[in-house]
1. For the stretch 128-138, which positions are surrounded by fewer than 12 Cβ atoms within 10 Å (Cβ to Cβ) and either aliphatic (A, V, I, L, M) or outside any helix (DSSP H, G or I) (or both)?
2. Could you tell me whether the stretch 181-201 includes any residue that is crowded, with 21+ Cβ neighbours inside 10 Å and within 17 Å of the chain's Cα centre (by Cα)?
3. Quickly run through the stretch 139-155 and pick out the residues that are of a type outside the set (S, T, N, Q) and either more than 13 Å from T100 (Cβ to Cβ) or surrounded by 23 or more Cβ atoms within 10 Å (Cβ to Cβ) (or both).
4. V170 - would you say it is farther than 30 Å from E225 by Cβ, in contact with a Phe, Trp or Tyr (Cβ under 8 Å, 6 or more places away or on another chain) and not assigned by TED's automatic domain parsing to the domain that holds Y273?
5. What number of residues within the stretch 45-55 are of a type outside the set (S, T, Y) and in contact with a strand residue (DSSP E or B) (Cβ under 7 Å, 6 or more places away or on another chain)?
6. Being in the same structural domain as S102 (by TED's automatic domain parsing) and buried (at least 17 other Cβ atoms within 10 Å of the Cβ) narrows it down to one of L42, L58, so name that one.
7. When the stretch 84-127 is examined, which residues are found to be farther than 18 Å from Y369 by Cβ, in contact with an Asp or Glu (Cβ under 8 Å, 6 or more places away or on another chain) and crowded, with 21+ Cβ neighbours inside 10 Å?
8. Does the stretch 323-338 contain at least one residue that is surrounded by fewer than 23 Cβ atoms within 10 Å (Cβ to Cβ) and closer than 25 Å to T172 by Cα?
Amino acid sequence: MTTEKPIRVLHVLGTTNLGGAESRVMELYRSIDRERVQFDFLIHTQKEGHYSAEIRALGANIYSVPRFNVKNYPAYRSALIRFFEKHHDYAAVQGHMTSTASIYLPIAKKAGIPLTIAHARSAGVDRGVKGIVTKIIRLPLKNRADYLFTCSAEAGAAVYGKKAVKQGRVWTIPNAIDTQRFRFNKSVRENLRNELGVSDKFVIGHVGRFGFMKNHAYLLEVFFELCKMREDAALVLIGTGELEQEIRQKAETLGLTKKVRFLGTRSNVEDYYQAFDYFVFPSFFEGLPGSVAEAQASGLRCLISDKVTHEAALTELAVYKSIDEPPVKWAREIQKNAENAMIRHDMQSAITGQGFDVRIQAKQMAEFYQTGKNPPGHRCGIS
């Protein structure tokens, strides 16, 4: 037993709700040796989120600053200065919210925090003015952090620029998951399918926030075409978001209301992967989607948008297809592989061997946080 206090690392996020970045940080937090490293969270809302109670139970503090909206730049910057003047004893600050990391990371560094890390997790931005402003604000980010992390080469190039990636300044850190948690379990599958009333259905699954990037409208069109090919098709959607009502309306317009289940958020998402027969993911852009890694860890066949990095293909179960093609072609691809999709494969060793096991990564990250050297993963490059 050691009497030394653990070092503390501050993670900067938008919220503590279910989301890609939040889920990956929480996977790491659950697995890391908290006698060596403890986390705290700085978020851009005062609202309690899905993970808030668990975060506090694990020993972390949650702090908040105002959400940035350009007009409040002076107030936003002042709030950060006040925060880091008071909380400057962190070993590291890791900024997953890269839209404003070029503002808060230099403030943290000036306050005396020795290690600052930017972590790019998406290869795109929102539509319209908001996306343009995001790109402008993070232009200097590549020069305002000690380490530049990314989940994929594409996300790294999108956030830090291709030059920084080619120069080897960007580290690819796998979006690690608890592979054991997602291992296929037949009894869980049968129980949940009975509970959902889909025991005799061919279930298409999707896990993701209802936002522009996830392209739910196209997913519904693919499913509409699949329903013409097989009467037993069902679609299960897990997530919430600003476009949920729009997608519900589209499902009604297509006459799919009785075949599509909107389940909202689920804390036991690993169980739902067991219940699916096929995972379909037609995003416009991503970083490296954790849900695709989770689906493969569950032994699911995955049909993925060609806009998503091929680094997400951790196993032969992942197949890519263009979202510029008519939805009927996606439906045909699913139907062609439907029989083989019913055979589940154990992909644990394949995924672990590519650095996606969070237990292994947690040990490596603890060492990195303590020394400031040799992060896990590798330097990425664009050919």
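The values are calculated or read from the model by the stated rules, or taken from the named source; none is laboratory data. Since the model is a prediction, treat every value here as computed from it, not as a measurement. Reconstructed Cβ throughout: ideal geometry from the backbone, glycine too, with neighbour counts over all protein chains shown.
1. Listed by number, the residues that qualify are V129, I136.
2. yes
3. Correct list: L141, K142, A145, D146, Y147, L148, F149, C151, A153, E154, A155.
4. So V170 passes the test.
5. Residues meeting the conditions: 2.
6. L42
7. S122, A123
8. No, the stretch 323-338 contains no residue that is surrounded by fewer than 23 Cβ atoms within 10 Å (Cβ to Cβ) and closer than 25 Å to T172 by Cα.
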